[in-house]
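Inspection log for the structure reproduced underneath, given as structure tokens.
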Amino acid sequence: MAAFVGNHNVVSLINNYLEKEEISVYTTKNKLPSEYISTVHRLILQLNISPIKVFIVLNNEIETCQQAAANNPNRHMLAQWKCVHNILEDLCNKYFTPHLTHEPLALKLHLLACCIRQAGEHYDKELKCVDNQDNVSPNLKQLIKKFLLGTDPYGLPQGQEQFLRHSLTSFPHRQSTLWRHVVQQISPLVLGGLPTAFSILTKAINGSIMYNARPFELCATCGDGPELGRPGKLKACQQCKVASYCSVSCQRLHWFTHKKYCSILKEKKQEFDLTK
């Protein structure tokens, strides 16, 4: 019914749905603290698979915990990132067993596991660096900026693209038809060009019918948009009218790299077929 009336994001959510109970079992099996179950579950259910989006969600949780628990600021999920990473990889393998195979969900879980590992390793390094510094708390801001840094010709996030391609090479189930199809599509692409690895993976996991947005019709920072379940319209950059953002915070976060490409995008606007 959802597909019939055009709610394809609902269809994708249903097709990739994972019961919270499937994560709850790891509170005893992998000793995952019960307070992290909801956070892990929300990460799995979100349609947006952008690593930058995952890092922003994790960083917001870190900052919330640091403000709310001065005596114990490490009550966030990254404090147990190795446990969460192992759980996601275990679920990935689970959905590649006979009679339970779900290739899109398995690929999504693997990508999330790679994101958690990347964020966790960065957080651990930050933690060591700030141990001897007063009033300095570890976070993921530098990692987010590293992934956001634009590359020629359009200023698309180079770090994210490289990370997604590298994550595909570590997918354990090489017999996957979906994985082979994605690799064949991404392999010949030039880094920084269109389409992106992010857009191809999003179509593969969520379905090409649901996901028809062009890269510049999604948030230039986190990759969110109406077609990925985010309510409301995006707001375009007032100068180039090409890059769009889901919030003021995303626009501010992206400006350090967008300012280099803003005038270039304005000149190339016709190429993106964004004129109404």
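Rule-based calculations on the coordinates, nothing more; no lab input. Computed from a predicted model, the values in this text were never measured in an experiment. Every residue, glycine as well, gets a Cβ built from its backbone with ideal geometry; the counts of neighbours run over all protein chains shown.
Quick look at the values:
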quantity: Residue-count net charge about Ser187 - beta-carbon cut-off 15 Å; Lys, Arg +1, Asp, Glu -1; calculated: +2
quantity: Rg and Dmax of segment 127-198, Cα atoms only, in Å; calculated: 16.7, 52
quantity: FRET E, pair Val25, Gln142, Förster distance 41 Å, beta-carbon r, rounded to 0.05; calculated: 0.70
quantity: Potential lengthening between His173 and Arg42 on full extension [0.36 nm per residue; Cα-Cα distance subtracted]; calculated: 44.7 nm
quantity: Exposure proxy order (Cβ contacts within 10 Å, fewest to most) of Asp90, Asp224; calculated: Asp90, Asp224
quantity: Surface/4 estimate of mean projected area, convex hull on alpha-carbon atoms of segment 35-165, nm²; calculated: 9.2 nm²
quantity: Low-density loop positions, trypsin sites (Lys or Arg not before Pro), segment 18-118 - DSSP coil, at most 14 other Cβ in 10 Å; calculated: Lys20, Lys31
